[in-house]
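The values are calculated or read from the model by the stated rules, or taken from the named source; none is laboratory data. None of these values were measured; they are calculated from a predicted model. Every residue, glycine as well, gets a Cβ built from its backbone with ideal geometry; the counts of neighbours run over all protein chains shown. Please note that ligands, DNA and RNA were not included when accessible areas were found on the heavy atoms of the full protein model with its side chains. Shrake-Rupley method; radii C 1.70, N 1.55, O 1.52, S 1.80 Å.
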Amino acid sequence: MQLLNIDGTRWPYKWLPLLALCLVELTRGELCVGPVCEYKFEVRRTRTMTYADGTKVFNVALNGSRLQVVENVYRTKERHPQHIGRFVNASDVITADGFSRNVIVINEQFPGPTIDVMEGVQVVVHVTNHLLLEGTTLHFHGLNQKGTPWMDGVGFITQCPIHPRQTFTYRFEARPGGTHWYHAHFENQRIDGLYGMIVIHRQPPVMPSFPMLIADWYDESAVTMEILSPYRAGLHRGTGENFQGPTVRMFTAGGAELSSLRYGASLINGRGRRRGEPLPLETFPVVQGKNYRFRVAHTGVEVPYEVSVDGHVLTVVATDGYDVTPLNVDIILMSPGETVDFVVSANQTAGKYWVRAAVMSATLEHEPFTPRKGDGARAVLIYDGIEPESDPESTPNKGTPQRHLVVFNCPFASYPAGTHLDCVGIAEAKSPRLTREHDGLTDDDVIEHFLNFGFATGSSINNRRFMGPTVPLFQDYANHSRPCSAQDCSHGCDCTHVLQLPYNRTIQLVLLNLSPGTSLANHPIHVHGHGFSVVRVSYPHQDATTGRWVKDNGDIACADEYCAHAHWRDGVLPALNLRDPPVKDVVTVPAKGYVVIRFRSLNPGFWLMHCHIEIHMQEGMVLVINEAPEQHPPLPVGFPVCGDYDIGADGYKKAADNVNGPTSGKGSRKTLSVIHVRVWLDDSPAGHRPVVWLVALSVVGNAAKKKGFGRYIEASDHEKKDPGKLNVQKQNYKTVSTGGGAEPIC
């Protein structure tokens, strides 16, 4: 095996064939070392639980624990005897949760292919849209796109959507290093599976690693979910039949609502089980005594997950691609958009162990909280030499009074007493190194903004529900959007919410979750174009017995009912960690709490900031950061533009003049159409018969012609001069044949 540049030339180091073998094994894929790493992505829709043999596609069903081709009314046994009844490999079938529905694939894969590159290489991704009826884009989540903001892949923010049958090429530098992912960022196509992983290595890997993408999965396709949603932005709201009623919704330990959607299933790397059927699951093969790095991305829509491996300790080494000081835990909580890297040591008795992504424990609103292991996805950690046929028999890790389980990344301060679970919040993680973007923590040129994420007027930020522009923001968006400054937002408004930031300043954003009332939810907030330092996380006061929130912590004072304007109470800024805070690009803002983040504004461009819960984002919990507007990089030559179009009256007149000549003014052509009915004797050889002719007279300019059902008759000179006084007489005209016209009507 040899490692090649993207142009097919050999990499010029003699030791590289050995390194290539190692890297492919360590990354479970093909690692591109550059300088240019090029990929071709073909995006289309297909169906789960189907099998393709060339151009023929067949339904598949579970027979025992194996997948078998089955007939339907079109693909019958009689027509396809060599296919119907055949058992097929799980690797040839997108099973998802075992139910047939539409899914978006990239290069026939779900999830999409993993991009595995070294930091600093140039990544080129040619995305061809084969979706039948809709545009698409691809956002490379976690990549800062410094100097290339128009490659951020957000429809109608940084680019026009890629139309069906068109190709758009993304080209950018692979930074920062770490575990990241990519996904559709147009409408809600992520629901249908348009996502994959991108891993950027700072150094050649020395430990085998596994990509692990977890997601919630629903019966309805993305379009149907959008149509049914009762929370859609705008006037056209849905019936809500895919949502849960308020009385049956579940609440987490901190009292936040788990999800408003009716739960479907969960997947790990595109595989899961709805009701325990023995569908094939993802496997992670290990050798006893070795260490393995799991690169986990929550690519899902709505629900948070508890990630664990039965019988094994997880050592957290990175969040959102940024290193943290290693931390041993038993469970990792993950919200949509987040990534976590952890290391598992294969130091247990050789066997099979469940890898779990369980839906976060929750109970009905007025019931006492109890940890549970129910819904969720599973994969299999299997030691070398163990037969894979049967499922693991391992049990979930369980805390005891003597040894509590450690839970990392809790969106609340603590679990209720007696659960034997101890929380480690994200703010307790420590960063071993800070990059230039984050080294301005102690600068005194701080610009501070308070942003409240809530439900004052539906999903909104500071009472403003985002209404996207109809053109990308690099175009003349002021005339294609609804500026918030033009509206009174004191009681909520729908507008294109833009936050302008100057260049090279320390930006401090205080992210609030202080909506009035009891409609509470945690919000995983993602900032495009930046990794940010999490310098403080603050939770509300909780009841130690029930775990439910009791009241706000009082650090922040709201100036209005919906906390669209806020400030530090009495002007007192609480303590911040400005020495070694963790760096992330998604942080969960706890219900009735807040998070303080900092970054240096060194990346000019338009950057989206939004809740990564799909329903909240679609309803309007979004704003755009316009960073250093005077220093935005110029658009590449020929970059696509789009927008509304109206030819207008003047444009239409000009176009018509180009075809027909002037329609008014000096030299214009005046057209007059007159219909005559004339009776005369036909002098044809058939005899003298009365004949009725329909004669259409067209006078165009100074040329006059009569047309009678396929015969053109030129006007005489005196009629041309005064067409208004034409005396239609047959003998004044000569007939011009049109070759096969209609005969006179008798």
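Observations
- Residue in the stretch 351-362 that is in a loop (DSSP other than H, G, I, E, B), open to solvent by 50 Å² or more (accessible area, probe 1.4 Å) and out of contact with any Lys or Arg (no Cβ under 9 Å at 6 or more places or on another chain) present: no
- Taken over the stretch 90-104, the residue count meeting the criterion of being touching a residue at least 12 places away in the same chain (Cβ under 8 Å) and touching a Pro at 6+ places or on another chain (Cβ under 9 Å) is 3.
- Within the stretch 89-122, considering residues that are within 20 Å of the chain's Cα centre (by Cα) and farther than 20 Å from Phe210 by Cα, the one most open to solvent (accessible area, probe 1.4 Å): Glu108
- Residue list for the stretch 555-571, filter: touching a residue at least 12 places away in the same chain (Cβ under 8 Å), part of a loop (DSSP other than H, G, I, E, B), over 21 Å from Ser533 (Cβ atoms) and over 33 Å from the mean Cα position of the chain (by Cα): Asp560
- Residue in the stretch 459-468 that is out of contact with any Cys (no Cβ under 7 Å at 6 or more places or on another chain), under 28 Å from Arg175 (Cα atoms), β-branched (Val, Ile, Thr) and assigned to a strand (DSSP E or B) present: no
- Taking the criterion of being closer than 16 Å to Arg274 by Cα, in contact with a strand residue (DSSP E or B) (Cβ under 6 Å, 6 or more places away or on another chain) and surrounded by fewer than 17 Cβ atoms within 10 Å (Cβ to Cβ), the only residue of the stretch 47-65 that qualifies is Ala61.
- Residue check for Leu133: hydrophobic (A, V, I, L, M, F, W, C) and at pLDDT below 95: yes
- Residue count for the stretch 363-388, restricted to those that are under 17 Å from Phe284 (Cβ atoms) and either touching a residue at least 40 places away in the same chain (Cβ under 8 Å) or not in a loop (DSSP other than H, G, I, E, B) (or both): 10
- Among the conditions (1) open to solvent by 50 Å² or more (accessible area, probe 1.4 Å); (2) within 16 Å of Ile525 (Cβ to Cβ), Pro590 misses just one, which is (1).
- Strands (runs of 3 or more DSSP E) contained in the stretch 213-311 and holding at least 3 residues modelled with pLDDT under 90: none
- Positions within the stretch 347-366 being out of contact with any Asp or Glu (no Cβ under 6 Å at 6 or more places or on another chain) and among the hydrophobic types (A, V, I, L, M, F, W, C), in sequence order: Ala350, Val355, Ala357, Ala362, Leu364
- Against the numbered list (1) in contact with a strand residue (DSSP E or B) (Cβ under 6 Å, 6 or more places away or on another chain); (2) under 26 Å from Thr95 (Cβ atoms); (3) surrounded by fewer than 18 Cβ atoms within 10 Å (Cβ to Cβ), Val313 comes up short only at (2).
- Screening Pro205, Pro164 for residues that are open to solvent by 10 Å² or more (accessible area, probe 1.4 Å) and under 30 Å from Leu314 (Cα atoms) leaves exactly one candidate, Pro205.
- In the stretch 209-223, the residues that are open to solvent by 10 Å² or more (accessible area, probe 1.4 Å) form Cβ pairs under 7 Å with partners that are acidic (Asp, Glu), at six or more places apart or across chains, as follows: Ser221/Asp192.
Residue-wise test of (1) modelled with pLDDT under 95; (2) closer than 28 Å to Pro149 by Cβ.
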| position | (1), (2) |
| --- | --- |
| Pro483 | yes, yes |
| Asp488 | yes, no |
| Leu499 | no, yes |
| Pro516 | yes, no |
| Pro524 | no, yes |
| Asp552 | yes, no |
| Cys558 | yes, no |
| Gly571 | yes, no |
| Val583 | no, yes |
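- When the residues of the stretch 346-371 are filtered to those that are among the hydroxyl-bearing types (Ser, Thr, Tyr) and modelled with pLDDT under 95, the one that is nearest to Gly289 (Cα to Cα) is Ser361.
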